[in-house]
Amino acid sequence: MNQLLMKKIMESWGIEVAIVANGLLAVEKVQQENYDLILMDIQMPEMDGVEATRRIRQLTDECKATTPIVAVTANLLKGDSERYIAAGMNDYIAKPIEEKKLFSILYKNFCPGKTNGGIDETNEFVPDPDNALYDLTLVKAISGGDESFVKSMILLFLETVPSIMEQMQLACKQRDWQLTSKLAHKLKSTIDSLNIYQLQDLIRKIESDGKKEENLDQIPGCVRLLNKGMNDCMAQVKSDFRLE
């Protein structure tokens, strides 16, 4: 979902966007072609963003090796920014992606030394006053009025979430807390992008407790609550978009 959201935003600004599935492919792509800037996710299969950045910085072609790299992460804990910079990254942006902040980050790295032209980076979320379990404000803002894009994001949400939840419940049953944490991290961006605000604290607790292997007796109950919340949200989405 984040890939599609970012692609939609940048293409509306006239930027040509290439997407790959993991860090290993990112390094290969940079070796094949020249890019003005790289948006590098941190947690990826095959090779993570930190290692991919290190390898790009080691390329013999100076133009490729000095390409600006911006970390894209759903986790920005104390010390993370220093770790990204130490790996050779130029900047970082947190998920879910907000259009104004993305513009500011791109402008700063495309045009170093210049200001962002007065762009307001604040984008405070205000929940809808009704009983909606989700909020499409961010997706609709990015869509620029393209209802087909909004529906494609909704369909992607409905297609991907059940599989992730099934994997998480299995990982929890097998007491694989690290995998449970990684799946929670994967789902966190989706929850934030659709502003499923009643599950935001819960998904972060599962991710944090699983990663640190703390409060292990609480994780199964949290996963059950998360599963119910996601099912309720998906049911509401299907009803709202008449997809049942």
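The values are calculated or read from the model by the stated rules, or taken from the named source; none is laboratory data. Small disclaimer: the values here were computed from a predicted structure and weren't measured. Don't worry about glycine lacking a Cβ; one is built from the backbone with ideal geometry, like all the others, and counts go over all protein chains shown. Each accessible area value is taken on the protein alone, full model and side chains, heavy atoms only, with ligands, DNA and RNA left out. Shrake-Rupley method; radii C 1.70, N 1.55, O 1.52, S 1.80 Å.
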Every residue in region 146-166 that is open to solvent by 60 Å² or more (accessible area, probe 1.4 Å), under 21 Å from M10 (Cα atoms) and not basic (K, R), please. E147, S148
Please work out which one of (1) more than 19 Å from F110 (Cβ to Cβ); (2) in contact (Cβ under 8 Å) with a residue 60 or more places away in the chain is the condition I9 fails and give its number. (1)
If you check E213 against the conditions, is it over 17 Å from A94 (Cβ atoms), touching a helix residue (DSSP H, G or I) at 6+ places or on another chain (Cβ under 7 Å) and open to solvent by 80 Å² or more (accessible area, probe 1.4 Å)? yes
Got a sec? Which of L202, L133, L226, L138 is buried (at least 16 other Cβ atoms within 10 Å of the Cβ) and part of a loop (DSSP other than H, G, I, E, B)? L133
Of the criteria (1) open to solvent by less than 60 Å² (accessible area, probe 1.4 Å); (2) out of contact with any strand residue (DSSP E or B) (no Cβ under 6 Å at 6 or more places or on another chain); (3) farther than 30 Å from I154 by Cα, which one M89 fails: (2)
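Restricting attention to region 173-184, which residues are part of a helix (DSSP H, G or I) and surrounded by fewer than 22 Cβ atoms within 10 Å (Cβ to Cβ)? Working first, answer last.
Initially, region 173-184 is screened for residues part of a helix (DSSP H, G or I), giving 173, 177-184.
Residues satisfying the conditions are K173, W177, Q178, L179, S181, K182.
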Being in contact with a helix residue (DSSP H, G or I) (Cβ under 9 Å, 6 or more places away or on another chain), closer than 28 Å to D146 by Cα and at pLDDT 85 or above: is that true of L37 here? yes
Some residue of region 70-81 being over 20 Å from S104 (Cβ atoms), basic (K, R) and surrounded by 13 or more Cβ atoms within 10 Å (Cβ to Cβ): no
